[in-house]
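Right, one structure below, let's go through it.
The values are calculated or read from the model by the stated rules, or taken from the named source; none is laboratory data. Since we're looking at a predicted model, the values are computed, not measured. Glycine gets a Cβ as well: all are built from the backbone with ideal geometry, and neighbour counts include every protein chain shown. Keep in mind that these areas ignore ligands, DNA and RNA; they rest on the heavy atoms of the full protein, side chains included. Shrake-Rupley method; radii C 1.70, N 1.55, O 1.52, S 1.80 Å.
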Amino acid sequence: MVRAVFCDIGGPIYDDENFVAAVLTALDELRERDGNGAVDRSQFREVYNRIRAQQSGSLREALAADFLGSVDRKRELHELTRTYWSHPAGTMYDDVLPFFRQLAGRVRIGVLANQEAPVIDALHRDGLGGLIDVWGVSAVVGFEKPSPELFRWCLKEAGVAPGEAVHIGNRLDTDVRPAKAVGLRTVWLLRGEAPDEPSVEQLAEPDFAVHSLGGLAERLLSTEPFGTTPIAAKS
């Protein structure tokens with residue numbers, strides 16, 4: 001039986017384009033300081049989509065190497081991106097609130113994400129904050145995915161064993177794989193930083209994959225053996 005559901009924020013809850021806007025602003029600013037022009041958007045998308053397809057490797061390292069001249073500038077890029085990263089009103093996916101409302105009162109609900117502290121205010125603003133029992137926000141907790149510490153912290157806060165919890169995320173490398181390693185069951189949500197065309201091998205990694213949160217609450221709360229539902233049709 002599922003007793004706790006944890007969910008990533010960027011991608012599953014808010015559009016990942018919020019992060020894209022922040023990192024592009026940071027890249028443009030750093031390049032301007034260096035006396036260079038703005039990042040070519042088509043070239044940026046090539047790098048971004050390559051990392052999405054691979055589901056491995058550091059996007060910050062790739063962007064720093066390709067647009068700032070050195071992978072060693074990844075920390076500089078990260079720190080500046082943090083100052084611009086926000087989740088404006090209207091960027092939460094429409095299926096989020098109905099999904100969590102179906103779960104509320106039946107399982108422990110948590111966010112488990114590499115995010116800045118202001119995301120808490122955004123989630124309260126958009127009506128989700130009152131449904132959340134466990135706030136696994138990296139900037140507040142002090143642990144980051146894919147480190148197992150963040151997953152273990154959330155499990156402890158929820159008061160459940162790993163096998164009683166499910167983690168929903170849109171990346172294999174920072175969501176599905178580390179969650180499985182700790183013993184959680186996993187749902188791969190195919191949007192945002194998930195690849196447009198996941199391979200058969202990638203789809204075999206989570207317990208199951210879905211294109212939206214629609215209908216997922218019923219699946220998580222059912223008594224049917226976990227992971228037997230095929231990938232949902234793309235809407």
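Answer yes or no as to whether Ala65 is out of contact with any Gly (no Cβ under 6 Å at 6 or more places or on another chain), open to solvent by less than 70 Å² (accessible area, probe 1.4 Å) and among the aliphatic types (A, V, I, L, M). Break it down into steps so the answer makes sense when it comes.
Numbers: out of contact with any Gly (no Cβ under 6 Å at 6 or more places or on another chain): yes; open to solvent by less than 70 Å² (accessible area, probe 1.4 Å): yes; among the aliphatic types (A, V, I, L, M): yes.
When the stated conditions are applied, Ala65 passes them.
Applying the set (1) assigned to a helix (DSSP H, G or I); (2) over 18 Å from the mean Cα position of the chain (by Cα); (3) under 28 Å from Val111 (Cβ atoms); (4) among the aliphatic types (A, V, I, L, M) to Val23 leaves exactly one unmet item: (2).
So which of Leu80, Leu155 is under 29 Å from Val47 (Cβ atoms), at pLDDT 95 or above and not in a strand (DSSP E or B)?
Values: Leu155 fails: under 29 Å from Val47 (Cβ atoms).
So the residue among Leu80, Leu155 that is under 29 Å from Val47 (Cβ atoms), at pLDDT 95 or above and not in a strand (DSSP E or B) is Leu80.
For the stretch 186-216, the set of residues classified as within 17 Å of Val107 (Cα to Cα) and surrounded by fewer than 20 Cβ atoms within 10 Å (Cβ to Cβ) consists of Gly215 only. When residues in the stretch 26-62 are screened for being among the small types (Gly, Ala, Ser), touching an Asp or Glu at 6+ places or on another chain (Cβ under 9 Å) and open to solvent by 20 Å² or more (accessible area, probe 1.4 Å), 5 of them pass.
Here is a yes/no grid of residues against (1) modelled with pLDDT of 95 or more; (2) under 24 Å from Glu17 (Cβ atoms); (3) hydrophobic (A, V, I, L, M, F, W, C):
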position: Leu184; (1), (2), (3): yes, no, yes
position: Val187; (1), (2), (3): yes, yes, yes
position: Asp207; (1), (2), (3): yes, no, no
position: Leu220; (1), (2), (3): yes, no, yes
position: Ser235; (1), (2), (3): no, yes, no
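Taking the conditions (1) over 24 Å from Gly214 (Cα atoms); (2) more than 16 Å from the chain's Cα centre (by Cα) in turn, Ile51 satisfies each one other than (2).
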